[in-house]
Amino acid sequence: MNSLLTSAVAGLSAGGAYAILGVCVVFTYRLVSVVKFTATALGAIGAFVMVIMTEMGYPLLPSVLVGILVGALASTAVGLITTIWFSGSSQSIKAAVTAALLVCIIAMGQRLTGGQQPRAFPDIVGGAGIQLAGVTITAASLVAIGFAVFLTVAAEQVLNRTRMGLQLRALSERPMAAELLGIPVRRLAIGVWAASGAMTSIALMLVAPLRSPDFGSLSLLVVPAFAAALIGSFKSFRAALVGGILIGVIEGLASVFVGLNQYRAAVPFLVILVVLLWSQRGAQWDEAR
Amino acid sequence: MNILETENLVIKRMGIPVVREVNLVASSGEISVLLGANGAGKTTLLEGISGIIPIASGSVELEGNDMVKVSAGKRALAGIAHVEQGRTIFGSMTTEENLKVALHPDASLEEIYELFPELLARKDVQSMMLSGGEQQMVVIGRALVGRPKVVLIDEMSAGLAPVVVNRLMKGVRRLADLGLAVVLVEQFANLALEIGDRAYVMRRGSFVYEGDCATLGNDPDQLHHLYLGDIGEAA
Amino acid sequence: MKRDSSFAALKTAALIFIAGALCLFLLSSYWIFLITAVFIIGVALQSLGLVVGRAGMISLCQMSFAGVGAWVVGYLNVIDFPGGLPVWLLIGGLAALPFGIAIGLPALRLRGINLAIVTLGFAVAFGVVLGTITYPGQTTFTMVARPSGLESDQGYFIFVLAIYGIIAVALEFITRSRLGASWLAIRHSERAAASLGVSVPKAKLSAFAISAFIAGISGGLLAGYMGTLLADNFSMMQSLVLFAVAIMVGAQFPLGAILGGVLVALFPELLRRLSLPQDLGSVFFGVGAVQALSTGETISEAFGRLGRKILPRRIRTQKRASEASLPAARVLDGDKAVLEMRDVTVRYGNVVALNRASLVVPQGTVVGLIGPNGAGKSTFVDAITGFLLSYEGKILFQGKEIDALSATQRARAGLRRTWQTTRMAPELTVGEYIRLASGGGLSDEEVDAILVWLDCPPSEQLISSVDAGARRLLDVAGAVAARPPVILLDEPAAGQSYAEAVMLGKRIAEIPERFGSSVLLIEHDMDLVRSACSQVTVLDFGAVLAAGATQEVLDMPSVKKAYMGIDFDEEAAQ
């Protein structure tokens, strides 16, 4: 029993990271209607810029800030490509474009960060964590979950309480009507891309020390991120938050059972499959009429 | 004063000319009524003017400035407001939020509540839950607080009860009386002709009638011919 | 048609044979070894071209299918299964096939980005599993045995080339078959494909199944090529790169698959000689794919276009096929109602789109369906043709209830429709489209006669070069060519000039007599309705307002009011 609890808690750190990433994916999807395949790869760029700077001897804080900035810029660049060339394209074309871009980013990222050999990620979060019912909850997982909750609340508040949030909602609900009202549609969209790039960079800086921190593996976190976002139907921040943590916990639990342990990385795929088939059960035809 | 003028405007959809060499004028203080059976090209004409779809040839001028190459967003800021058909409210927002989204610094919500007092009591209601008439008032109001010079209104009466349509028509007349130029697209002719000044009838992309509303309104037979064609009668 | 496929297949086989012979003669064994990889990747690309390029679905897990094939070949090698590599390849391909179907099943519901997510997830999960179970023989350094007599690099090259040739030739036949045309059709619109009687699930599943089979074989070939393999050979990144290359070159074309193979296999060699990092290749492929997507033209298509500029395609001048060559009407019995709707109600949430609407189309007539915008005309057609999830009421076709039938089944039974926006596969020629739409069995002369009769472009012309107005006519021509009991025409004259519309009206009026099909015509233009329809039904607010002989109905005051909002009685009274 206790081993079950321990492994479930061990999954919390990954769960927190999935939750952050899931919330970021929902954010981009809700506001600019793009499913961002490249999300974690872009965040990894930011995270690696931070690592390389600390390796070069810069202090932690400026490195983190520059990393976030670079992540935001990279995300904006991808956003520009998608909005300028492919805004009128079909769903399938958009999906193909993001997949192609993902190839570029991973290949470049692996080249610039030294392939698959892991880098030493500085632990941004110090501290030992807390003891609860005989189980240790690490500081890193607490910070990850805390940040995920913060993002969820912040996203909801901005969208519901500010004028910019209002305009963003208008843009996401009816882009054409928003443009016809003179809302600066393009500027807002670019802002969304930049913000989501910055947030994913932070998320990956938190996650990287817990994972095998090479560029390729970090980019693959997009799969659990989608799984979390799908639990919130790409709409609900809160559901993505809970979903992300749950997936982490399930992964943790799977590690208890011999025979399942090695396959626990397949958990997000199974979640995706089940959620998608369930949510799309009513869809019969493609959107093209 | 002429606010909006199009000259030999041609607009294509998927390569097919849907609006063919159209010359339309809208003046401040006047309502230009645009009639025609569906499929005639009225909506496409409005979409070309507001910049939703590109113009194949000809010109659109707002107070003498050519708008053809200007984006839809810039045209909106320049003073062309477009109330699309189908009541394009932001359904997740309340009435007031809808009106606030694009509020011009010089404009106030009070003007809208004065024009459509029934909205005041419903200001905190999610606009998805409003009646069709109220939703139509919200989208018209939302366009007005952007301080436009000309308002294009597409099929605002579709699916609404006659009483409501009457109420909306009065509101539109009021807009023109306040000095705005209005282009009103309607499938239902009689009410529009009652409140309008200039009338155009469109068929297969071209204007087949141009004149004033009073004359056309008093001649239902001519209107019948313009709408439904006359091959049957001729044969 | 048969002759076309045989000719293309022969051409492909000859080209591959010549290319292979040249390589063997001219190149050193180092290059032969490298070029073997070109053809193995070519096989994988062909498999991807089928799903992505033809059927228009996304697959980001193609190397996982290849991995299944490779793993099975490795396993059969370790247990020393009889038959050698040729047999193992076949078994490997067959083993990959159920995986293809398993991924194809979600694709029945999921498309675009959702399908991309699922296939990417599968690729990642498969990588994890393969990394855990490891490749058979990896730990004991058992190499996969090549076929006896072909163990040398030259020998294996010949073996790979032969397999490539067999697959390429088989694909030439399949893509020109009705199945191949159905893949193109679902790529552009699933609804339109279903309305032609194409079974969408069958098209999707067959595409994924055949594709996985071919990918499995490519994995097996790779196993024989390398001797032993690692999970990394089939990782998600490999699948992604393959996908990018397929998009960039146009892997659905024979030239594209080879070109892609050359790029993937030889580009790293080029980079190596220039002492540049190898992974630049992937960046290049990604950028190339984005470029191809933004212009909408793959490298193969660009070459094809340039080639046609130099050697223009001959277009046979259309024989003025006479009306006598029009296909005969299919004989139909009696004069009863061929289509009948009884009290059909359709709801979207709280909105009632159709309210107890009834309508009868008698045998051998053209019935008009008119009404203001939003009156429910499109819903009406969707209900009849089976494109709604549910409706209340009954629809009878030739006296039988068809409410339980799918859209595809209704189309096959002979209930055909056209669309307001046509979405035909632009890769098809006019003639190929008419054949797909007709369900087969028409001679060249009959196809030409139908095209001339409706004033359509000649049958050799590609649909991509046909303008939108003519595509609508083509849509009508396709429905007519099938000579079904009922044709529903959804605003066929929109966008036509006045004279063209009147002409089309005359043709539509002739359809029942010439082709034996009754017509339900949805139209806005009253002149067209008058010239084509003997009866008219008017829809307003989802309910039937009036029905009867055309002129009588159009003269009813209530109809005029619905159409123009003018109360003519009231006006007259004043």
Task: Single residue of A:Ala74, A:Ala96 found to be modelled with pLDDT of 90 or more and surrounded by 21 or more Cβ atoms within 10 Å (Cβ to Cβ) - done: A:Ala74
Task: Residues of segment C:342-401 that turn out to be of a type in the set (S, T, N, Q) and more than 24 Å from C:Ser534 (Cα to Cα), as a count - done: 4
Task: Condition broken by C:Phe141, with the remaining ones in (1) surrounded by 23 or more Cβ atoms within 10 Å (Cβ to Cβ); (2) hydrophobic (A, V, I, L, M, F, W, C); (3) at positive phi satisfied - done: (1)
Task: From the options C:Phe243, C:Phe234, residue that is in the same structural domain as C:Ser59 (by TED's automatic domain parsing), under 25 Å from C:Arg54 (Cβ atoms) and under 28 Å from the mean Cα position of the chain (by Cα) - done: C:Phe243
Task: Single condition C:Asn355 does not satisfy, out of (1) surrounded by fewer than 22 Cβ atoms within 10 Å (Cβ to Cβ); (2) more than 14 Å from chain B (Cβ to nearest Cβ) - done: (2)
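Being within 14 Å of chain A (Cβ to nearest Cβ), on the phi > 0 side of the Ramachandran plot and without any contact (Cβ under 8 Å) to a residue 60 or more places away in the chain narrows it down to one of C:Gly288, C:Gly296, C:Gly281, so name that one.
Values: C:Gly288 fails: on the phi > 0 side of the Ramachandran plot; C:Gly281 fails: on the phi > 0 side of the Ramachandran plot.
Answer to the selection: C:Gly296.
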- [ ] Under 7 Å between Cβ atoms, at least 6 apart or on separate chains: pull out the pairs that start in segment A:66-79 with a residue that is closer than 17 Å to A:Gly109 by Cα and end on any residue that is among the hydroxyl-bearing types (Ser, Thr, Tyr) and not in a helix (DSSP H, G or I).
- [x] A:Val78/A:Thr38
Open item on the list: I'd like to verify a number: residues in segment B:144-163 that are part of a helix (DSSP H, G or I) and either among the small types (Gly, Ala, Ser) or out of contact with any Asp or Glu (no Cβ under 9 Å at 6 or more places or on another chain) (or both), how many?
Closed with: 2
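Residue-by-condition table, conditions (1) more than 9 Å from every other protein chain (Cβ to nearest Cβ); (2) surrounded by 24 or more Cβ atoms within 10 Å (Cβ to Cβ):
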position: C:Gly219; (1), (2): yes, yes
position: C:Ala223; (1), (2): yes, yes
position: C:Thr228; (1), (2): yes, no
position: C:Ser235; (1), (2): no, no
position: C:Gln238; (1), (2): yes, no
position: C:Val241; (1), (2): no, no
position: C:Ala244; (1), (2): no, yes
position: C:Val249; (1), (2): yes, yes
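Yes or no, residue by residue, for (1) within 13 Å of another protein chain (Cβ to nearest Cβ); (2) surrounded by 15 or more Cβ atoms within 10 Å (Cβ to Cβ); (3) in a strand (DSSP E or B):
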{"site": "B:Gly133", "(1), (2), (3)": "no, yes, no"}
{"site": "B:Gln136", "(1), (2), (3)": "no, yes, no"}
{"site": "B:Arg142", "(1), (2), (3)": "yes, yes, no"}
{"site": "B:Met169", "(1), (2), (3)": "yes, yes, no"}
{"site": "B:Gly179", "(1), (2), (3)": "no, no, no"}
{"site": "B:Leu191", "(1), (2), (3)": "yes, yes, no"}
Open item on the list: Filter segment A:30-50 down to the residues that are within 18 Å of A:Arg186 (Cβ to Cβ) and among the aromatic types (Phe, Trp, Tyr) and list them by number.
Closed with: none
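Within segment B:12-125, considering only helices (runs of 4 or more DSSP H) that don't extend past its boundaries, which have at least 3 residues that are among the hydroxyl-bearing types (Ser, Thr, Tyr) and crowded, with 17+ Cβ neighbours inside 10 Å? Full working, then the answer.
On the way: elements: B:42-50, B:72-78, B:95-100, B:109-115.
Helices (runs of 4 or more DSSP H) meeting the threshold: B:42-50.
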TODO: Exactly one condition in (1) under 19 Å from A:Ala140 (Cβ atoms); (2) buried (at least 23 other Cβ atoms within 10 Å of the Cβ); (3) within 12 Å of another protein chain (Cβ to nearest Cβ); (4) hydroxyl-bearing (Ser, Thr, Tyr) is not met by A:Ser201; state its number.
DONE: (3)
TODO: Tell me which residues, restricted to segment A:232-269, are in a loop (DSSP other than H, G, I, E, B) and within 17 Å of the chain's Cα centre (by Cα).
DONE: A:Gly232, A:Ser233, A:Phe234, A:Lys235, A:Ser236
Open item on the list: For the structure I just gave you, tell me whether C:Asp475 is within 27 Å of the chain's Cα centre (by Cα), over 20 Å from B:Asn38 (Cα atoms) and within 11 Å of another protein chain (Cβ to nearest Cβ).
Closed with: no
Task: Filter result (within 19 Å of C:Pro492 (Cβ to Cβ) and either small (Gly, Ala, Ser) or not in a loop (DSSP other than H, G, I, E, B) (or both)) within segment C:437-461 - done: C:Ala437, C:Ser438, C:Ile450, C:Leu451, C:Val452, C:Trp453
Open item on the list: Here are the criteria: (1) in contact (Cβ under 8 Å) with a residue 60 or more places away in the chain; (2) touching a helix residue (DSSP H, G or I) at 6+ places or on another chain (Cβ under 6 Å). Tell me which single one C:Leu76 does not satisfy.
Closed with: (1)
TODO: Would you confirm whether any residue within segment B:44-56 is within 16 Å of B:Val182 (Cβ to Cβ) and among the β-branched types (Val, Ile, Thr)?
DONE: yes
TODO: Grab the helices (runs of 4 or more DSSP H) fully contained in segment C:102-203, keeping just those with 1 or more residues being out of contact with any His (no Cβ under 6 Å at 6 or more places or on another chain), at pLDDT below 85 and away from every other protein chain (no Cβ under 14 Å).
DONE: C:153-176, C:178-188
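The values are calculated or read from the model by the stated rules, or taken from the named source; none is laboratory data. All values derive from a computational prediction rather than experimental measurement. Note: ideal-geometry Cβ built from the backbone for every residue, glycine included; neighbour counts use all protein chains shown.
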